[in-house]
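Colleague: Okay, here's the structure, questions in a sec.
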Amino acid sequence: MGDHASCAITIGGHLPLANLDELCQHIEDYNLCDDWGGEAIDPAAFAKSVPLEMYVEEINGGAVSDLESFCLSHKLHFRRISGGCQGAFCPEIVVSYGTGVEYAFDADDDGKIVLSAETILKAVSLSDLQHRTLFATRPIPPLIIDADPLERAANGEFGFVL
């Protein structure tokens with residue numbers, strides 16, 4: 001049995017309707033909830049035009065790797081904040097802003113960024129350090145489940161009707 005920690009993940013961006021079942025399967029696989037110790041995620045929550053926020057109290061490695069890979073491959077935005085496990089791994093914040101690339105930052109037990117001495121010494125200015133901190137805390141956009149493009153066009157969403 002591995003080392004466990006808490007994890008909170010927020011997901012946003014545009015996801016094609018055809019990939020919704022796969023997203024739901026990842027959420028179910030990790031037993032993600034709508035709050036700490038809350039209820040299982042209801043797919044109806046996806047229609048609220050807000051970022052999807054999910055939580056799990058004890059997960060191996062403090063990460064939801066398959067869900068993050070799904071987000072990266074579908075160019076979704078996400079922020080994961082994970083607790084640490086003494087002697088195994090430190091708390092961290094991992095973000096991606098729809099580019100398919102993720103960035104990891106050290107964190108404290110409260111989920112706030114911690115800049116190491118090495119990071120501080122490599123910085124060219126205070127502005128550079130501020131940029132790093134702001135980058136990790138940028139807002140995640142709402143999760144929008146996109147219908148099929150032909151269906152959207154038929155509904156006049158592109159300015160014309162089929």
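The values are calculated or read from the model by the stated rules, or taken from the named source; none is laboratory data. In this text the structure is predicted, and so the values were computed from the model without any measurement. Methodologically, a virtual Cβ is constructed for each residue, glycine included, from the backbone with ideal geometry; neighbour enumeration extends over all protein chains shown. The accessibility values were calculated without ligands, DNA or RNA, using every heavy atom of the protein model including side chains. Shrake-Rupley method; radii C 1.70, N 1.55, O 1.52, S 1.80 Å.
Colleague: Among (1) surrounded by 13 or more Cβ atoms within 10 Å (Cβ to Cβ); (2) in contact with a Pro (Cβ under 8 Å, 6 or more places away or on another chain), there is one condition residue 109 misses while meeting the rest; what is its number?
Modeller: All conditions pass for residue 109, except number (1).
Colleague: Only residues that are open to solvent by 40 Å² or more (accessible area, probe 1.4 Å) and among the hydrophobic types (A, V, I, L, M, F, W, C): list them for region 35-65, please.
Modeller: 36, 40, 44, 47, 50
Colleague: Condition first: closer than 28 Å to residue 112 by Cβ, open to solvent by 60 Å² or more (accessible area, probe 1.4 Å), part of a loop (DSSP other than H, G, I, E, B) and of a type in the set (Gly, Ala, Ser). Can you find one or more residues in region 2-17 that meet it?
Modeller: no
Colleague: Could you tell me which numbered condition residue 82 fails, if it satisfies all but one of (1) open to solvent by 30 Å² or more (accessible area, probe 1.4 Å); (2) among the polar types (S, T, N, Q); (3) under 23 Å from residue 111 (Cα atoms)?
Modeller: (1)
Colleague: Separate question: I'm told residue 74 meets every condition in (1) modelled with pLDDT of 95 or more; (2) crowded, with 19+ Cβ neighbours inside 10 Å except one. Can you identify the failing condition by its number?
Modeller: (2)
Colleague: In the set 128, 146, which member is under 22 Å from the mean Cα position of the chain (by Cα), surrounded by 11 or more Cβ atoms within 10 Å (Cβ to Cβ) and either at pLDDT 85 or above or of a type outside the set (Gly, Ala, Ser) (or both)?
Modeller: Numbers: 128 fails: under 22 Å from the mean Cα position of the chain (by Cα).
Matching residue, one of 128, 146: 146.
Colleague: Hey, another quick one. Taking the conditions exactly as written (open to solvent by less than 30 Å² (accessible area, probe 1.4 Å) and under 21 Å from residue 139 (Cβ atoms)), does residue 32 satisfy them or not? Talk me through it step by step, then tell me what you get.
Modeller: Values: open to solvent by less than 30 Å² (accessible area, probe 1.4 Å): yes; under 21 Å from residue 139 (Cβ atoms): yes.
For residue 32, the condition - open to solvent by less than 30 Å² (accessible area, probe 1.4 Å) and under 21 Å from residue 139 (Cβ atoms) - is met.
Colleague: Going by the conditions given, is residue 99 surrounded by fewer than 20 Cβ atoms within 10 Å (Cβ to Cβ) and either basic (Lys, Arg) or within 20 Å of residue 141 (Cα to Cα) (or both)? Full working, then the answer.
Modeller: Values: surrounded by fewer than 20 Cβ atoms within 10 Å (Cβ to Cβ): yes; either basic (Lys, Arg) or within 20 Å of residue 141 (Cα to Cα) (or both): yes.
For residue 99, the condition - surrounded by fewer than 20 Cβ atoms within 10 Å (Cβ to Cβ) and either basic (Lys, Arg) or within 20 Å of residue 141 (Cα to Cα) (or both) - is met.
Colleague: Consider region 1-38. How many of its residues are of a type in the set (A, V, I, L, M) and farther than 24 Å from residue 100 by Cβ?
Modeller: Keep residues of region 1-38 that are of a type in the set (A, V, I, L, M), which gives 1, 5, 8-9, 11, 15, 17-18, 20, 23, 27, 32.
Remaining after also requiring farther than 24 Å from residue 100 by Cβ: 1, 5.
Looking only at that region, the number is 2.
Colleague: Considering only residues of region 131-143 that are in a helix (DSSP H, G or I) and open to solvent by 70 Å² or more (accessible area, probe 1.4 Å), which is modelled with the lowest pLDDT? Give the derivation first.
Modeller: Going through region 131-143, the residues in a helix (DSSP H, G or I) turn out to be 131-136.
Keeping just the survivors that are open to solvent by 70 Å² or more (accessible area, probe 1.4 Å) gives 131-132, 134.
Details: 131: 85, 132: 81, 134: 86.
Among them, the one singled out is 132.
Colleague: Across region 39-66, what is the total count of residues that are under 22 Å from residue 101 (Cα atoms) and acidic (Asp, Glu)?
Modeller: Within region 39-66, residues that are under 22 Å from residue 101 (Cα atoms) and acidic (Asp, Glu) number 2.
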